[in-house]
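**Q** Here you go, one structure.
No lab work stands behind these numbers, since they all come straight from the coordinates. It should be emphasised that the depicted structure is a prediction, and the values quoted were computed from it without experimental measurement. All Cβ positions, glycine included, derive from the backbone under ideal geometry; neighbour counts span all protein chains shown.
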Amino acid sequence: MVEQNTSATLVCTGAELRGDISINWKVKLVDTDEWKLILSASEKKKFSGGASKPSMRLTDDNFRKTGDFSLVVSPEVADAGLYSCLIQKQERKVKETIFLLTVLTVGFFPPLPVRQYSTLRLFARAIPDISVSEITWTAPGGFPLKTEKWQISGTVTKVPQVQNADGGTYTCTVYPQGNSSGVLTVRVDVRVDASNVASFTNISHRNEISTATQAQKSFLLVCPSSQGDYVRLHWLLPDTKNNSKIKLVYHYDRWRGFTSKHSSKLQLAGSPYNPQAGSFSFLLTPDLKDGGLYVCEVFLNDVIFSQRTRLSVLKVKTNNYPSKLNLLCLYSERSNVRSAVWKHDNKSRRLQMSSSGPGSISTTLPLPITPVVAGNYTCTLQLKNGQSIQAVQAVTAPPTESVTPSFLHPSLSALLLLVPLVSAAVGVLLWRQKHISDRGIEQSLSVQSGESENIYENPEDIRQAPPQGSVY
C-alpha cells in the first residue's frame, strides 16, 4: 500500500543478467484483464514498454551486474493493480513475483484554515478496496472517530461544529487484508480560523405542522427526512409571541456520539428512525405546559433542513366541591385552537359551559351524581386546520345502598329471632290467665249462690293455680 504520489519500491532480485537471461516488468491495472509491458531488460539492452511512465523506474542502474531489478513507483490512483516481475532464461520462466499495488488517497474539506462552526470532512479511499480490511481515523490526542464507508468517497469521518480545540493532527490508519504486512499511516494537519465563523445561508424550510396531543401520552415530533450529521431541537413556550425566547432543548452529534438535553420528557425516536445513521425524530411525553412551537434542525455538512411543529396539549381534570363536581378542560398554545367543548354520552343532554380564563372550558355537575348525570364526558379540541383531538373524563354515580337480613348486625338478628318466641310465651300466659280467671268467676258465683259443695270438688286445682287476687 502506498499513498498517492508517494514513492514506493516493488522489490525483485535475481542472478546477474548473463547470456539468455532477461527481466520483464508488466502491469494489469484494476478493472482490466490485460497485462501490459512496463519495461524489459537483458544483458545487452533495455526496452521500455507502452505502460511505462516517468514515475516508474528501476532502482539500480547497474541492475545487469547486481541482479537488483526492483521497481520504484510514485503512483496515481489509476496506477493501482497487479505488477509482475518475471525473470526468464531462454524464454523459460525462472522466477516470477506478483505485487498487488494499493493506492490510498486522503483528503479533507473545506480548505484550510477551517472556519469555526463548519463541518470538517476527512476522506480516505483505497483502490482496490479488496486489499484493505479497515480504515480508521483518530482526532488530535488519539481519540477515535466514527467512520462510515461511502461508495464514492471511500471511508469518511466528520467533525461537525468545528471549534478552535478541534485543530491539530488527524491520523488515518489503513490495515491490509489477510496476511499482508505493513500498516499504512497518513497524517493530516488541520488549522482552524479563530477569527472566521461559518454562516449557514442554505436553509431548507418544510411546511409548518399544526397538531395536538393529550397530556402524558407519547407524541412523535417529526424532523426533516433528510439524513444529517447532527440535529438540534429548539422550543418556544406555549402562547409566547416573542421568538427571541426560543431555547435549545436537545442536541445530538452522531459522529462524536455527543448528546445534550434539557428535559427528561424528550428522547430520540427509534425504528423506523436511526439516530446513529443520521435519521432523526423525537418522542415527547408532554404535560400541559410543554405545548408550544418546536423547531427541529437537521445539519448535513453546511446545509440546514428545518421543520416547525406547533403543538397544543389537551388535559382534563376534576375539581370537587361540597355541592358540585367541576369538569375542567385545559389546553395550551391557544393560537392553534379554534374551539373547545364538553359533551356527554347522551347527545340530547345540553351542558352548561363556562371559562375561568384563556385556555380553559368547564362544566359543572350537581352532587350527588345520579345515574342520569353519570357517564363519559368528552372534551373535544378543534384546531384551526380542522384537526381535532379528544380527552374523556368518566363520571360514576355512587352505589345504591340496600339492607337485607343477611347483612344485619348479629345482635340485631338474634333479637329478631327472639320476637316470635316471646310472642308465643306471652300468648300462652294470657290464655292461661284467662282460663283461670274464668274458673275463678265461676267459683265466686258458686259461693254467692250457696253452692259451696262445688268449691272442694277438685281442691288440687285450686292449690296449683297462681294467686289471682280476690279470686284466690
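**Q** What does the highest-first list of 331-344, 299-312, 385-398 look like by mean Cβ count within 10 Å?
**A** Result, highest mean first: 299-312, 331-344, 385-398.
**Q** Oh, and also: Between the DSSP loop rule and a limit of at most 15 other Cβ atoms within 10 Å, which trypsin sites (Lys or Arg not before Pro) in segment 136-236 are left?
**A** Loop-located and lightly packed - LYS146, ARG191, LYS217.
**Q** Additional query: Normalised by the empirical 2.2 N^0.38 Å for globular proteins, what value does the Cα Rg of segment 1-114 take?
**A** Taking N as the residue count of segment 1-114, the ratio is 1.21.
**Q** In addition: So what's the gap between the Cα centers of segment 9-80 and segment 293-371, to the nearest angstrom?
**A** Segment 9-80 and segment 293-371 have Cα centres spaced 84 Å from each other.
**Q** Something else now. Distance cut-off 19 Å, Cα to Cα: go down the list LYS241/LYS261; LYS241/LYS289; LYS45/LYS89 and report the pairs above it.
**A** LYS241/LYS261
**Q** Can you tell me the equivalent ellipsoid semi-axes for segment 257-392? Use √(5λ) from the Cα gyration tensor, largest first, whole Å.
**A** The equivalent ellipsoid of segment 257-392 has semi-axes of 40, 15, 13 Å.
**Q** Still on this model: Whole number please: convex hull volume per residue, Cα atoms of segment 1-68, in Å³.
**A** 108 Å³
**Q** Given segment 37-166, report the % of alpha carbon pairs whose separation exceeds 19 Å.
**A** Looking at segment 37-166, the distances longer than 19 Å represent 63 percent of pairs.
**Q** On to the next question. I'd like the per residue volume of the convex hull spanned by the Cα atoms of segment 104-197, given in cubic angstrom.
**A** 87 Å³
**Q** Given the peptides 314-323, 15-24, arrange them by the average over their residues of other C-beta atoms within 10 Å, most packed first.
**A** 15-24, 314-323
**Q** Taking the alpha carbon gyration tensor of segment 315-380, what are the square roots of 5 times its eigenvalues, largest first, to the nearest whole Å?
**A** In descending order, the three semi-axes are 22, 14, 9 Å.
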